[in-house]
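Participant: For reference, the structure I am asking about is given below.
The values are calculated or read from the model by the stated rules, or taken from the named source; none is laboratory data. It should be emphasised that the depicted structure is a prediction, and the values quoted were computed from it without experimental measurement. Don't worry about glycine lacking a Cβ; one is built from the backbone with ideal geometry, like all the others, and counts go over all protein chains shown.
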């Protein structure tokens, strides 16, 4: 058993999986071959950790870094804005002097 069909893995390099449907606290899913008891609700489309992620470690989704963990994240834990910081530019506009 690798990953539960309730999870979507976009790239084998990812350290997060996407919830294909809402996962409730107490649900048990297979994450990277390990049965994990979900401790907090994970909404549809949200991420959960495929492995333990250390504070400061990059969050990898679709094979690319999207941010870093602001705290340690346990296997199967909800990965969202409460425990990651984004690597994206904080605005949709660039300064006028940008190339």
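Participant: Considering only segment 58-76, state which residues are crowded, with 16+ Cβ neighbours inside 10 Å, at pLDDT 95 or above and not in a strand (DSSP E or B).
Facilitator: Result: no residue meets the conditions.
Participant: Sticking with this structure for a sec: If a residue must be in contact with a strand residue (DSSP E or B) (Cβ under 8 Å, 6 or more places away or on another chain) and under 25 Å from residue 67 (Cβ atoms), how many such residues does segment 14-26 contain?
Facilitator: Here the count works out to 9.
Participant: So is residue 25 in a loop (DSSP other than H, G, I, E, B) and modelled with pLDDT of 95 or more or not?
Facilitator: No; evaluated as a whole, the condition is false for this residue.
Participant: Of (1) modelled with pLDDT of 95 or more; (2) assigned to a loop (DSSP other than H, G, I, E, B), residue 91 satisfies all except one. Which?
Facilitator: (1) is the only condition that residue 91 fails.
Participant: Further question: Of the residues that sit in segment 15-25 and are closer than 15 Å to residue 74 by Cα and without any contact (Cβ under 8 Å) to a residue 60 or more places away in the chain, which one is surrounded by the fewest Cβ atoms within 10 Å (Cβ to Cβ)? So that I can check it myself, show each step before the final result.
Facilitator: Residues of segment 15-25 closer than 15 Å to residue 74 by Cα: 15-17, 25.
From what's left, without any contact (Cβ under 8 Å) to a residue 60 or more places away in the chain: 15, 17, 25.
Numbers: 15: 21, 17: 25, 25: 10.
In this case the residue turns out to be 25.
Participant: Residue under question is residue 30, and the condition is that it be without any contact (Cβ under 8 Å) to a residue 40 or more places away in the chain, surrounded by 14 or more Cβ atoms within 10 Å (Cβ to Cβ) and over 11 Å from residue 79 (Cα atoms); does it hold?
Facilitator: For residue 30, the condition - without any contact (Cβ under 8 Å) to a residue 40 or more places away in the chain, surrounded by 14 or more Cβ atoms within 10 Å (Cβ to Cβ) and over 11 Å from residue 79 (Cα atoms) - is met.
Participant: Take the residues in segment 37-49 that are in contact with a strand residue (DSSP E or B) (Cβ under 6 Å, 6 or more places away or on another chain) and closer than 22 Å to residue 70 by Cβ, then tell me which one is surrounded by the fewest Cβ atoms within 10 Å (Cβ to Cβ).
Facilitator: By that ranking, first place goes to 40.
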